[in-house]
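Since every read-out is calculated from the coordinates, none of them should be taken as a lab result. All values derive from a computational prediction rather than experimental measurement. Cβ sites come from the backbone with ideal geometry, for glycine too, and all protein chains shown count toward neighbours.
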Amino acid sequence: MPAKTPSGTSPREAAPPARRRGVPWLLTAGLVAALVVLVPVAAHTGAYPVPVGDVIASVQHRLGLGGTELDRVAESVLWNVRFPRIVLALLVGASLGCAGALMQGVFGNPLAEPGVIGVSSGAAVGAVGAIALGLNFAGNWTVSLLAFVAGLVTVLLVYVMSRSGGRTEVVTLILTGIAVNAFAGALIGLFLFFADTAAVNQITFWQLGSLSQATWPKVLAVLPCAVLGLGVAPLYARRLDLLALGERPARHLGVDVERLRIVLVLVIALLTAAAVSVSGIIGFVGLVVPHLLRMAAGPGHRFLLPGSALLGALVLLAADLAARTVASPAELPLGVLTALLGSPFFFWLLRRTRRRHGGWA
């Protein structure tokens, strides 16, 4: 029986078969085409519909490529409401998808997701604390700023607490993350207990996840973190492929495993904290997206990392479109919708993994 890698695949399975070599290119082209189609559809759809042709004409006009300017109401709806929300959905989805692929590569486990290391719960503590205590030192940015800072601080705390003898073991990192997540949940409960009714309603809405408050300043706040994280991640694709062989083989092949973990955990924290700070908690994107691509194109990270960013952007844009149209004129919380769709997939994934491995024992 062939030996297994830490991610649960044999070396033979880890090597991409010949028939799969063209799949990444086809998937990339398909994802880009789907985004090109979905963006104008999302811009068109809403309480004030704007024809797709007018959407394209307005974009061309703004870019100086011809086209025509629309009436004042249509221009305002597109550029002050719809486009900030679309761009924010793309950035948040790409960040969560790429962070999930990095997380699964670092931990060697396809069931890992960014929340394991405490970044989501830490960000939630920062946001909930700001709302419950009525903090407003940074104006409308206070909640997002504290969520971002708290998410990063939580990850650093988890990493420091799990480090021993100059090394950090994956199991210790996961268990420390679970403990910190539980503590963060207790803090959130305390804030909810002492908060007034208005603050409780605001906290509940934030925790459910939504892009309804999207603005261009929020887009600009996420953009540097997303560009930095998404730009750095592919540089470590080859080392993640080597790490999938196991820590010892990776070290023999020249990978500084400890340094790799430090850098990638910081990248994961940066991407996830930036996304969560403006959107609230949106689950399952970082878990489902990388695994779908891994099933379709294999475990190679040269495609998996950018592919997860593309599919994450597509999934979140489609989910946000559904969230604001399915129950129109009401709007479903985005985090609730992704959980409703992601939970059954996760359950199926657990059963499939257990069946392929012949049980967990």
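Which stretch or stretches of the stretch 112-151 have amide N atoms under 16 Å from the point lying 7 Å from residue 196's Cα along the Cα→Cβ direction?
Under cut-off, by backbone N: 130-136.
In nanometres, what is the gap between the two model label sites at residue 34 and residue 205, each 7 Å from Cα along Cα-to-Cβ?
The answer from the label model is 3.1 nm.
Taking DSSP loops as anything outside H, G, I, E and B, show the longest stretch in the chain free of trypsin sites (Lys or Arg not before Pro) there with at most 15 other beta carbons within 10 Å.
Answer - 22-361.
Using DSSP loop states and a limit of at most 14 other Cβ atoms within 10 Å to flag chymotrypsin sites (Phe, Trp or Tyr not before Pro), what is the longest stretch of the chain containing no flagged site?
Between the exposed loop sites, the longest stretch runs 138-359.
Helix by helix, which DSSP H runs in the chain go 15 Å or more along their axis at the Cα atoms and have an average Kyte-Doolittle hydropathy of 1.6 or more?
Helix filter hits for the chain: 23-44, 83-107, 119-132, 142-162, 170-194, 216-232, 257-279.
If you average the sequence gap of Cα pairs under 8 Å that are 6 or more apart and divide by the length of the chain, what percent do you get for the contact order?
Here the relative contact order equals 28 percent.
If each of residue 336 and residue 296 carries a label point 7 Å out from its Cα toward its Cβ, how far apart are those two points in nm?
The modelled label-to-label distance comes out at 2.9 nm.
Once label points are set 7 Å from the Cα along Cα→Cβ at both residue 259 and residue 351, what is their separation, rounded to one decimal in nm?
Each label point is offset 7 Å from its Cα along the Cβ direction, giving 4.6 nm.
Rounded to the nearest 0.05, what FRET efficiency is calculated for residue 223 and residue 182 with R0 set to 35 Å and r the Cβ-Cβ distance?
Efficiency, from the Cβ-Cβ distance: 0.60.
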